[in-house]
Amino acid sequence: MKTLSVCLVLVGALVLSGCGGVSNPEAESAAVEAAQEWLALVDGEHYGESWDAAAGFFQGAVQKAQWLQAMESTRKPFGTNLARELKSTRYRTTLPGAPDGEYVIIQFRASFENKQSAVETITPMLGDDGEWRVSGYYMK
């Protein structure tokens with residue numbers, strides 16, 4: 001679980017980070033779409049598939065078995081997602097503890113069956129193949 005904690009703390013630090021910020025509406029839009037597709041896997045309790053669909057950076061930080069255990073113990077108890085609204089997007093080319101590249105830090109306001117109000121932070125990164133994949137996920 002230490003690796004998962006480090007990954008989640010890293011993502012939390014990214015939210016507070018102001019580094020490398022410029023606007024890139026096209027990247028932000030594509031990253032939001034990728035994040036929503038990935039969140040649909042999590043919402044459907046397809047946790048293994050969400051790990052498979054994540055960026056290599058994510059997979060290197062969190063083993064699949066750790067991810068499954070974390071989602072079963074921390075996400076599943078919230079129940080069904082009732083609503084999710086885009087709160088913010090921030091395009092970045094550098095993030096602390098991550099390789100330089102293209103990232104979008106996305107926050108959604110969400111409500112769940114057993115948790116009325118939450119903020120989900122998802123950080124997709126642009127892969128070498130031109131695809132956006134989730135590199136971090138944090139819920140507060």
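The values are calculated or read from the model by the stated rules, or taken from the named source; none is laboratory data. Computed from a predicted model, the values in this text were never measured in an experiment. Reconstructed Cβ throughout: ideal geometry from the backbone, glycine too, with neighbour counts over all protein chains shown.
Worth pointing out:
- Residue 72 vs. criteria free of Cβ contacts under 8 Å to residues at least 12 places away in the same chain and acidic (Asp, Glu): no
- Cβ separations smaller than 7 Å between residues 6+ apart or across chains give the following pairs from region 53-68 residues that are without any contact (Cβ under 8 Å) to a residue 40 or more places away in the chain to residues that are in a helix (DSSP H, G or I) and surrounded by 15 or more Cβ atoms within 10 Å (Cβ to Cβ): 59/51; 64/51; 68/47.
- Scanning region 16-42 for residues that are within 11 Å of the chain's Cα centre (by Cα) and either at pLDDT below 50 or basic (Lys, Arg) (or both) turns up nothing.
- Meets criteria (assigned to a helix (DSSP H, G or I) and in contact with a strand residue (DSSP E or B) (Cβ under 9 Å, 6 or more places away or on another chain)) for residue 38: yes
- Subset tally (residues that are without any contact (Cβ under 8 Å) to a residue 40 or more places away in the chain and within 12 Å of residue 121 (Cα to Cα)) for region 86-105: 2
- If you go through region 82-140 and keep only what is among the small types (Gly, Ala, Ser) and touching a Lys or Arg at 6+ places or on another chain (Cβ under 6 Å), you end up with 110, 127.
- Residues in region 28-52 that are closer than 26 Å to residue 100 by Cβ, buried (at least 16 other Cβ atoms within 10 Å of the Cβ) and either in contact with a Leu (Cβ under 7 Å, 6 or more places away or on another chain) or free of Cβ contacts under 8 Å to residues at least 24 places away in the same chain (or both): 32, 50, 51.
- Among the residues of region 85-140, those identified as of a type in the set (A, V, I, L, M), assigned to a strand (DSSP E or B) and either surrounded by fewer than 19 Cβ atoms within 10 Å (Cβ to Cβ) or at pLDDT below 95 (or both) are 86, 118, 119, 139.
- Verdict on residue 72 being charged (D, E, K, R), in a helix (DSSP H, G or I) and exposed (fewer than 14 other Cβ atoms within 10 Å of the Cβ): yes
- Exactly one residue among 49, 45 is at pLDDT 95 or above and within 20 Å of residue 125 (Cβ to Cβ), and that residue is 49.
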